[in-house]
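Input: a single structure, listed below in structure tokens.
Just so it is clear, none of the values below were taken in a lab; they were calculated from the coordinates. Keep in mind it's a predicted model, so treat the numbers as computed, not measured. Here the Cβ is made from the backbone with ideal geometry for all residues, glycine too, and neighbour counts use every protein chain on show.
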């Protein structure tokens, strides 16, 4: 990767509809009570002259496929909307955007049926240290910061002239090529990059009426971090509240969007009350096993 010249990198960011895509291997421990289970996700950091986008490759592919299915059914006049999810839907659901030159940062995420655009009100404050080492093929220098309820160690390289990095991290003299918290729970390592055409922006889905489709299309509601914390607390206390409210907005029936789940023994259930009970059970079990988030301060951990 090091043989990519500085001229090449600078030229690529100026090109029309071109991006520099950086691939990060993200390893994380979701359950602090089970540190032997380490999960991995390929994350993408797309940089152009306007800013950057950081997101899961697998989730992007899964969402694109699902949106194509929904659009086809809507245009075909299908009464019920059915989505066949890919086996690999991605394990990281959020996206982070930064706009240049002010590095205004937003976290795009959802809670149950609702999608949010959470404005970041703090920037990383770095302490740059003299220690240097080779990270992959890059000469890198060490820096530390306290951010989001964790202590972080970053390695940045001036070989790559972008003051950006994975997740919400930025502000060092070069691209962050490795980032890890001091507990070893979250680690992002640059494993590749390439210049490519910018992805085509997805169109907003024209869903009839007030039907909502979880996690797909629609507008995100912009909120503050404090507002997000309250919404998250409410969700933890009552995981299916938003879904019940959505059902009531649709007249109390599921004629437009059907809810179906399979229990652990393989039985399919479609009665809304049974579905909600099963989903609440699953959500609480999932929350218990995903108690080690990348940003503990955001969820009150």
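Once the piece of chain linking residue 291 and residue 23 is laid out straight, how much longer is it, given 0.36 nm per residue of separation minus the C-alpha distance between them? Don't skip to the end; give the middle numbers.
Details: separation 268, 0.36 × 268 = 96.48 nm, distance 2.59 nm.
Using 0.36 nm per residue and subtracting the Cα-Cα distance, I get 93.9 nm.
Give the calculated FRET efficiency between residue 137 and residue 89 to the nearest 0.05, with a Förster radius of 45 Å applied to their Cβ-Cβ distance.
0.90
Run the simple label-point estimate for residue 230 and residue 38 please: 7 Å along Cα→C-beta, distance reported in nm.
4.1
Expected output is a single nm value to one decimal: the length gained when fully extending between residue 282 and residue 194, i.e. 0.36 nm times separation in residues minus the C-alpha distance. What is it?
Between residue 282 and residue 194, full extension yields 27.7 nm more.
Neighbour counts of other C-beta atoms within 10 Å: give me 155, 232 arranged from fewest to most.
Going from sparsest to densest Cβ surroundings: 232, 155.
Show me 89-99, 173-183 ranked by packing, highest mean number of other Cβ atoms within 10 Å first.
Ranked from most to least packed, the peptides come out as 173-183, 89-99.
By how many nm would the segment from residue 183 to residue 274 grow when fully extended, if each residue of separation counts as 0.36 nm and the alpha-carbon distance is taken off?
Gain on extension, residue 183 to residue 274, equals 28.8 nm.
For the peptides 166-172, 191-197, 288-294, what is the packing order when you average, over each peptide's residues, the other Cβ atoms within 10 Å and list the highest mean first?
166-172, 288-294, 191-197
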